[in-house]
Amino acid sequence: MNIAQVDYDGLIPNNVALGQDVRVKRALEKWHPGYINWWNDMGPEGFQESLVYLRTAVSVDPKGWAKFDYVRMPDYRWGVLLAPQQEGRKIPFGTHKGEDAWQEVPGEYRAMLRRLVVIQGDTEPASVEQQRHLGKTAPSLYDMRNLFQVNVEEGRHLWAMVYLLQKYFGTDGREEAEALLQRRSGDADTPRMLGAFNEKTPDWLSFFMFTFFTDRDGKMQLEALAQSGFDPLSRTCRFMLTEEAHHMFVGETGVTRVIQRTCEAMKEAGITDPNEIEKVRKLGVIDLPTIQKKANLHFSLTLDLFGNEISTNAANAFHAGLKGRYREHRLDDDHQLEGNTYPVLRLIDGKIQNEDSPALSALNMRLRDDYVADCNNGVARWNKVIEQLGIPFQIKLPHVAFHRHIGEFSRTNADVDGNILSPAEWTKRRTDFLPSAADKEFIESLMQPQFEPAKFAGWIAPPKVGIDNKPGDFEYVKIA
Ligand SMILES: [Fe+2]
Ligand SMILES: [Fe+2]
């Protein structure tokens with residue numbers, strides 16, 4: 001069987017020879033109706049009958065794995081797709097470095113591995129739940145289609161993790177797969193596992209910021225898991241990363257188009273000072289300082305997903321060969337890190353300063369550093385657009401100590417530059433840094449749907465090119 005090709009004959013498209021794996025096939029078929037129920041209850045609200053121009057994976061060949069066509073979302077062919085197995089792959093890091101990669105779960109690491117799969121799995125349906133109301137206020141059919149593409153692919157990522165649970169973790173795997181359909185983002189009794197995935201995504205600027213910042217955390221986690229010595233997890237994550245690239249694209253270009261429209265409108269109106277917020281808002285576009293506040297919010301919430309700076313769990317997962325570093329294979333060291341140190345930003349005697357810590361315990365910090373660098377590349381591209389349009393303003397990521405709820409800095413109040421504020425100062429200045437009720441209200445007032453082909457809401461510029469090279473007037477969603 002050619003692993004690059006996907007078997008589309010059964011209920012569940014796959015490239016894992018599911019037809020010959022009766023036990024797992026049955027388990028997944030049993031899970032399937034619950035998934036469809038979840039999708040109908042918690043997936044995009046109001047558009048389940050509409051025909052959406054979506055890409056579906058038909059191969060895992062990096063060149064051309066997608067086929068585009070109109071699909072009703074509940075009929076989307078969610079499936080189980082793994083990147084091809086690499087002949088003779090070895091465990092690339094940790095204490096088992098150089099041994100053959102595991103094709104079965106190593107018994108001693110079973111619980112740790114299951115936990116990693118469940119945590120990753122839980123984020124996938126969570127983001128669909130968070131984004132479920134956005135279709136109704138889409139600024140164009142192009143954007144609506146991109147939202148739904150992200151949504152069906154997060155659904156497929158859930159399938160990816162559920163396959164691993166069903167195939168490799170027996171009864172507890174089946175229970176975990178069930179529980180992934182039971183938790184709900186933001187629910188008081190059964191919330192999703194991680195904080196940022198229980199926040200609301202109330203408007204489209206939030207959606208673009210979420211896909212820029214929070215899906216990028218997803219990318220970092222998948223990159224780290226793609227290094228795993230447990231080969232099925234590595235292969236699963238490697239294919240997920242090819243889908244994730246589109247989510248980053250949606251976020252980065254989405255914010256770029258908002259910024260572009262704002263700067264263009266300011267130029268047309270002859271406004272040069274970005275801080276003339278009321279004047280800018282009268283033009284029906286989002287002022288740059290408010291875009292900055294949104295970035296501050298989503299960046300800080302996402303940093304919490306990296307967990308504690310110093311973490312025994314992270315050390316154990318690396319030591320065991322289960323979760324590596326960002327692009328481990330490109331790093332030039334012994335990939336074991338036993339005696340090494342890594343500088344960790346900490347709060348010491350009320351001051352934020354670097355402290356050398358054992359590298360193994362500092363792996364969350366290291367992944368977060370790689371994440372911040374990756375974010376900064378995208379922010380620099382946003383700033384190019386502002387600069388080209390001649391507005392004196394730059395978006396800047398806030399200090400990592402700003403507005404944190406997990407880790408070193410959760411005990412303190414820092415401003416966006418990393419200055420420690422007293423609780424009273426923080427309360428007074430909070431809305432200088434984060435969106436105020438009035439900011440939110442203004443953004444919400446702009447969220448009027450624009451469902452005519454070729455048209456865009458006034459607060460966002462059209463994209464440079466269409467999806468699948470379609471022309472500007474292409475009807476990306478046929479609303480039913
Ligand atoms: Fe995902
Ligand atoms: Fe994603």
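The values are calculated or read from the model by the stated rules, or taken from the named source; none is laboratory data. Remember, it's a predicted structure, so these values are computed and weren't measured experimentally. Here Cβ is always computed from backbone atoms with ideal geometry, including for glycine, and neighbour counts include all displayed protein chains. Accessible surface areas use protein heavy atoms only, side chains included; no ligands, DNA or RNA. Shrake-Rupley method; radii C 1.70, N 1.55, O 1.52, S 1.80 Å.
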Computed over the range 223-361: relative contact order in percent, which uses C-alpha pairs under 8 Å that are six or more apart | 27 percent
Accessible area, 1.4 Å probe, largest first: how do Thr302, Thr171 sort?
-> Thr171, Thr302
Listed by chain and number, the residues whose amide H is under 5 Å from that of Tyr342, excluding neighbours fewer than 5 places away on the same chain and using placed H, are Ser357, Ala359
Mind listing the long-range amide H neighbours of Val71? Cut-off is under 5 Å, sequence gap 5 or more, other chains count too, H placed in the peptide plane at 1.01 Å from N.
-> Val52, Tyr53, Leu54
For the chain the mean separation of alpha carbon contacts under 8 Å (6+ apart) over residue count, i.e. relative contact order in percent, is 19 percent
Express in Å², to the nearest 10, the accessible area of Val60 obtained by rolling a 1.4 Å probe over the protein heavy atoms while all chains stay in place.
-> 10 Å²
Per the charge dipole of the chain (beta-carbon charges, Lys/Arg positive, Asp/Glu negative, Cα centre), the residue among Leu347, Asn413, Thr190 reaching farthest to the positive end is Thr190
Hz values of 3J(HN,Hα) by residue in the range 446-458 - Karplus curve (6.51, -1.76, 1.60), Gly and Pro given as x = 7, 7, 9, x, 10, 10, 8, x, 6, 9, 9, 4, x
Of 290-296, 390-396, 194-200, ordering from highest average Cβ density within 10 Å down gives 290-296, 194-200, 390-396
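Could you work out what % of the accessible surface of the chain is carbon and sulfur, using a 1.4 angstrom probe and leaving DNA, RNA and ligands out of the count?
Carbon with sulfur: 48 percent of the solvent-accessible area.
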In whole Hz, with x marking every Gly and Pro, tabulate ³J(HN,Hα) for the range 420-427 from phi via Karplus 6.51 cos²θ - 1.76 cosθ + 1.60, θ = phi - 60°.
-> 6, 10, 6, x, 5, 4, 4, 4
Taking a probe of 1.4 Å and leaving out DNA, RNA and ligands, the range 202-263 shows per residue an accessible area in Å² of 14 Å²
Eight or more residues apart or on different chains, and alpha-carbon atoms under 24 Å: count the Lys pairs in the range 318-467 matching that.
-> 8
Heavy-atom accessible area per residue - the range 326-400, 1.4 Å, Å² = 53 Å²
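Mind checking the dipole of the chain: about its Cα centre, +1 per Lys or Arg Cβ, -1 per Asp or Glu Cβ, Debye to the nearest 20?
460 debye
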Residues meeting the amide H criterion for Leu421 (H placed from the backbone, H to H distance under 5 Å, 5 or more places apart or on another chain) are Asn413, Ala414, Asp415
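Take the alpha carbon atoms of the chain, find their radius of gyration, then divide it by 2.2 N^0.38 Å using N residues; give the quotient.
Normalised Cα radius of gyration, the chain: 0.99.
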Scalar couplings 3J(HN,Hα) for the range 134-145 by Karplus 6.51 cos²θ - 1.76 cosθ + 1.60 (θ = phi - 60°), nearest whole Hz, x for Gly and Pro, are 6, x, 5, 10, 4, x, 5, 5, 4, 5, 4, 4
